């Protein structure tokens, strides 16, 4: 009776831990309290220090050089006077008005392009926003529009409240994205909007409600590299949630999917990277988007790209896109990554490459993608276990920081458990070859380390794996292995734990596999 | 005394919790009759100690409330807050503190009745707030208020507090808590947490903003008492983030708390920090501020537990700065003023250590840049703390931090030989060495000492954690550590050899290191170690201690030696152990509680050692080994029970029980043993305190009775003479916690008697039928067990004096609830089996009615299974036609409906050898011998039934049966607080097979089928093809082959005659308890 209980319970939790829950886990938690690390550093907002048209670059270079010598107080005064100049230029009437405006704007933009001094604050205090807004009016010369949008871009790259100050200008910025304006103006406006969208959920919602999504998406259909880069980046800032509506809307826009595939195949790494980020957010947020993307050759394209990429910046969005796409459900993964297909071999090879990388983040993301593959069919698990990834993973389980260990534990755990067969009523069975391979190579102590950690999820993984070892290792070897690895002690820590599931499971395992013969039933 | 409820089968019984050790003190209050003040102080004192035990307050109060029964309840529709209510409540609370039972019971009864009226909670809260009322009364009311909320806040509870009242309470409680005195504040803060557990944050959006603004006010006003109250409340509200799995709902709650409290927390910490600097000289202010800061850091811990929030990542520098500050700064105003001041600051430092440990473990990347600075700070702190007495908590958390570093990717920080040397010498050895507090604990509270020393509840002691650090480092530098520790052990032993009486603690240290660094092995049976050669260490270090002639000298060393023997028992060769057995028995007579307890435990564990000879495992020590020492062993064991504080020593009783299970029990042994055990039993009946001891005691009695009577049935009357008076006393004096045990022992005695059952038992039979007894869920399994015995031994008595009607009434009651349905069948089955149908016939309609009502309204899978087994038993006992007619007399054609809707679909889920056999045989008989099923019109039913039978017979249990959610045990169903049922293994019933004649149900079924198909040639193959799944068609072929192989050896089947039957499965009521 008791042993039957344990059996059932063991099955139950395994099912939960390495089976279905593994599928759920593939998706990041919908609520995120942690910072979006790394990508936040180089993705959220960007300062524009270089213009789009060549003639202006000259000015920038010259002016930039000149500025270095100047004192902060002088710069401060310059900023206020630049705004004043602009005000005067707008008020003036005459033949050279336009040139005056452009000059004033250029001076202001020049100051705002410096990231090391709070010019934005001064410019805002001096009332720059309404002036810039006026300069954006339709019918103005491209140069004026460009400079004004550029100023706004850099104001939007500032602190949250500074970004917010752009709100009155948003309808105009969005309007310039359309056909009526030149591509370079549109591009600069897109940049400004990208900065706004990167700021907060509230501003994203505002942009979406003002119709920024469709014109930005259309810009992605262009052929010009910088335009697509800017538009993609702005779009990724615009759709990044937490709600999924924008992502779903984006994927439904005619031509977007083709454009994504088209650009991803280009040799331009920067371009492909930005587009891949769009795929990251589409796949992270919207099931509809996943459905649509899955009907294309996207995985093949991403995998090819992954094999060809070598830098951290380009690998991250590729890894994440692939991981997210596999997060649909086990079915899509199985269909998509046909184990007999070259793609699947290739992805595992590329992931192994990432596992060997120096970058902790790449290792972690690659392990995460592998854990998603390992949650697939038995053939998928076999592919992983036959690849060089296994030896890398086993090393990582012992030698890497905690968060990577945890991801590795999911891969190894998933690889030992077969998906439930229908007639067995949802009970997953064990893949003994894999289990034995892992255990023989010393992974048990890694899992027991996880069990000793204060992280509950890691502890649960540790317990599940111990259960698998106890149940699965032939000739009752599991008990000896667990005790030799000091597993009994590790489990005993949970005997009075506040978490019900961990406490029950630890106690059940202890009682059933290590319980003292009570001595009554023997006679 | 009341046993603490425990969850059946899943968790360790709570009564094993170490902090419950002083439990008796709160229950002896009545007998000691102290003055009102001391009573209330004692009550509050003991309540404080049990803070951690969730239900304790409820326990205490329920216990008190249970005492009162017969007073006029105050019945009002709603409690209004007026002078009269104030008067009533104040007087009642005052009376609950009375030393006289009469007014106390009346007050308790009044309060418990009043608690059912709406607005009771609100009224009590108002009383708590009433400044004119005596503080002692308000405090009592605050405790009552909190308990009231605990049982009634959740809407699903039996008597939930109305929503309107809840809202009012929520509005009132925060300001009230803040203005209250510290003791009341503590109660209200906990009450608030009770509400928070359920309502916070979604149903109580106003709370956190309110707390936040009060926090601001309190800080600005330098109102540190309120500050601490608020922080304590927030701390308990946020604790839930520490033990729940990450999920979207919990993350949403966390996000809400972060948005509302992360920034204020940082500014609070910074401003407290500033105030601490200002208050450097003022001990009283400093005290409050240090505590406030500690609470802030605990809140930090909760908020950071699940994930690293963005806010904390951005402000990490500030936090780390604060943390490091408290590790490095000293506060002379507090720390030079005494141990209490030191421990206050240490608590804060410990909180810091927990936070940095957490960051080190989970956010190592972020923490990296701070790591070195913290390691140095913790290190210096630790070297000082290790050298000074006490400071346990700080040492433990600080070493934990180093342990985490040692197992992380940064373990190389500890790689240097010099560092390793310092760690072993300056940190590990000083912390493993015995201290005065350890000696004090050894003498003053042996139970707690043993729990820590032997039972692994020492995870948070400095001795143990020091060893954990060694283990952590050994993960990467095993050889270096082994070498150094071996040297240290050697040094310790050398120092001891220089001057054994002065340096005995060094030897203790050596023994402790060997035991603690060993690896635990399966079965809790043994451990192993690489540090020393166990056998030679045993011979040279341990044996000399065990052979020491003075059983009271150097007791801690003796205890250590006995512990070593116990722990390494499997590795000590039998010959060596046998040579020492006499010595260990000798130590049973030591006056030192730990020593005689360890001796008892050593013997008990030795008796459990098993050797595997390649075929099966066998006990290493048998009766032959203990018989020679048996008399002195028993004398010493019972002798130790006379020693002060060991009157209820569970180690002694467990050893007695184990010895009785193994030794040969001659009448010469049995007689003093039963006398001794009965004496102890009579004594504990006065005031049952230690549930483990009591359980072992009853188990020992059951073992003794069983084993002695097996050898010598003539002993039964002697046992009855001894035991029956005690058992009757338990019933007469209503020692309710022993009822389940008493009924099980009685059942055992009834079973041992040959029919007819002696008349004095028949009185008990009548007591057994009192409905009141059956109301307590803990009694039910034991009562059923006893009733089963009576039904088997005296079926004819049943039919007299209307008893059958009463028994069926009990059946009816039990079967009506899912939690007791199985017990109901345990009664019904022996009735149907042991009584003639003529007796039963007139009741059958009622029985079917209650069964089918359940089936219709509230069926459970278990109910259907039990029903199939019952019908199967009915069928094999009284024949198919009787069953069919009986069911059809309830409603026309009902039998086929039941068969189609319940029997066939559920048949494959039957488990248990006897049950499967019975239901398979009955189903096959039905299939082959029932005229109505053989009617071609019933072809579909016939086909499906066969399909079910084939599944049942061909698939192993685990492939047929799906997971079923755990059904709550009946402790929950009846609610409240009661004794639990614990099964006595030795008073258990042997499962009997009602179909002994049929050896193999497969054989029987196939034979019957073969016979049938020869009668109706060609009729069944198409039916089989149509209704059996392809897998089952193949399985059927297999079954036929299987039978052919065995054919010829046996006849088809014999008719069976009246055989005893019981379901015998009471496992689900067993409280699983693994004692060390």
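At-a-glance table
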quantity	calculated
Residue list for region B:107-150, filter: in a loop (DSSP other than H, G, I, E, B) and out of contact with any helix residue (DSSP H, G or I) (no Cβ under 7 Å at 6 or more places or on another chain)	B:116, B:117, B:131, B:132, B:134
Residue tally, condition within 14 Å of chain A (Cβ to nearest Cβ) and within 22 Å of the chain's Cα centre (by Cα), over region B:433-471	9
Residue count for region B:771-811, restricted to those that are modelled with pLDDT of 85 or more and either surrounded by fewer than 18 Cβ atoms within 10 Å (Cβ to Cβ) or over 26 Å from residue B:853 (Cα atoms) (or both)	7
Single condition residue B:589 does not satisfy, out of (1) assigned to a helix (DSSP H, G or I); (2) at pLDDT 95 or above; (3) surrounded by 18 or more Cβ atoms within 10 Å (Cβ to Cβ)	(1)
Residue within region A:110-127 that is buried (at least 24 other Cβ atoms within 10 Å of the Cβ), in a loop (DSSP other than H, G, I, E, B) and modelled with pLDDT of 75 or more present	no
Matching entry among B:333, B:284, B:262, B:292 (being within 14 Å of another protein chain (Cβ to nearest Cβ) and part of a helix (DSSP H, G or I))	B:262
Which listed residue is within 23 Å of residue B:580 (Cβ to Cβ) and within 14 Å of chain A (Cβ to nearest Cβ), from B:630, B:660	B:660
Residues within region B:935-977 that are in contact with a helix residue (DSSP H, G or I) (Cβ under 7 Å, 6 or more places away or on another chain), away from chain A (no Cβ under 14 Å) and at pLDDT 75 or above, tallied	15
Residue among A:468, A:408 that alone is more than 8 Å from chain B (Cβ to nearest Cβ), farther than 17 Å from residue B:472 by Cα, crowded, with 24+ Cβ neighbours inside 10 Å and at pLDDT below 90	A:468
Residues located in region A:214-230, provided they are buried (at least 19 other Cβ atoms within 10 Å of the Cβ) and closer than 11 Å to residue A:271 by Cα	A:220, A:227, A:228, A:229, A:230
Search result, residues across region A:479-516 that are facing another protein chain (nearest Cβ under 7 Å), within 14 Å of residue A:456 (Cα to Cα) and out of contact with any helix residue (DSSP H, G or I) (no Cβ under 8 Å at 6 or more places or on another chain)	A:503
So residue B:242, is it in contact with a helix residue (DSSP H, G or I) (Cβ under 9 Å, 6 or more places away or on another chain) and within 14 Å of chain A (Cβ to nearest Cβ)	yes
Check on residue B:240, over 28 Å from residue B:330 (Cα atoms) and in contact (Cβ under 8 Å) with a residue 40 or more places away in the chain	yes
Where a residue in region B:345-369 is more than 14 Å from chain A (Cβ to nearest Cβ) and its partner, wherever it lies, is not in a helix (DSSP H, G or I), with Cβ under 7 Å and at least six apart	B:345/B:331; B:346/B:391
Selection from region A:139-164 of residues that are closer than 19 Å to residue A:119 by Cα and surrounded by fewer than 18 Cβ atoms within 10 Å (Cβ to Cβ)	A:159, A:160, A:161, A:164
Filter result for residue B:424 (more than 18 Å from residue B:598 (Cβ to Cβ), more than 30 Å from the chain's Cα centre (by Cα) and within 14 Å of chain A (Cβ to nearest Cβ))	no
Hey, residue B:560 in contact with a helix residue (DSSP H, G or I) (Cβ under 9 Å, 6 or more places away or on another chain) and within 30 Å of residue B:480 (Cβ to Cβ) or not	yes
Residue B:492 being within 36 Å of the chain's Cα centre (by Cα), closer than 30 Å to residue B:553 by Cβ and either within 14 Å of chain A (Cβ to nearest Cβ) or at pLDDT 90 or above (or both)	no
Enumeration of residues in region B:663-688 that are within 14 Å of chain A (Cβ to nearest Cβ) and either buried (at least 19 other Cβ atoms within 10 Å of the Cβ) or in contact with a strand residue (DSSP E or B) (Cβ under 8 Å, 6 or more places away or on another chain) (or both)	B:663, B:665
Test result for residue B:219, within 14 Å of another protein chain (Cβ to nearest Cβ) and touching a residue at least 24 places away in the same chain (Cβ under 8 Å)	no
Breaking point among (1) part of a helix (DSSP H, G or I); (2) buried (at least 20 other Cβ atoms within 10 Å of the Cβ), for residue B:910	(1)
Residue B:318 vs. criteria in contact with a helix residue (DSSP H, G or I) (Cβ under 6 Å, 6 or more places away or on another chain), in a helix (DSSP H, G or I) and more than 10 Å from chain A (Cβ to nearest Cβ)	no
Extreme residue, nearest to the other protein chains (Cβ to nearest Cβ), among residues of region B:689-705 that are modelled with pLDDT under 90 and surrounded by fewer than 22 Cβ atoms within 10 Å (Cβ to Cβ)	B:692
Test: residue in region A:440-453 that is within 11 Å of chain B (Cβ to nearest Cβ), outside any helix (DSSP H, G or I), modelled with pLDDT of 85 or more and within 37 Å of the chain's Cα centre (by Cα)	yes
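The values are calculated or read from the model by the stated rules, or taken from the named source; none is laboratory data. A quick note: this is a predicted structure, and the numbers were derived from the prediction, not measured. Cβ atoms come from the backbone with ideal geometry, glycine included; neighbour counts cover every protein chain shown.
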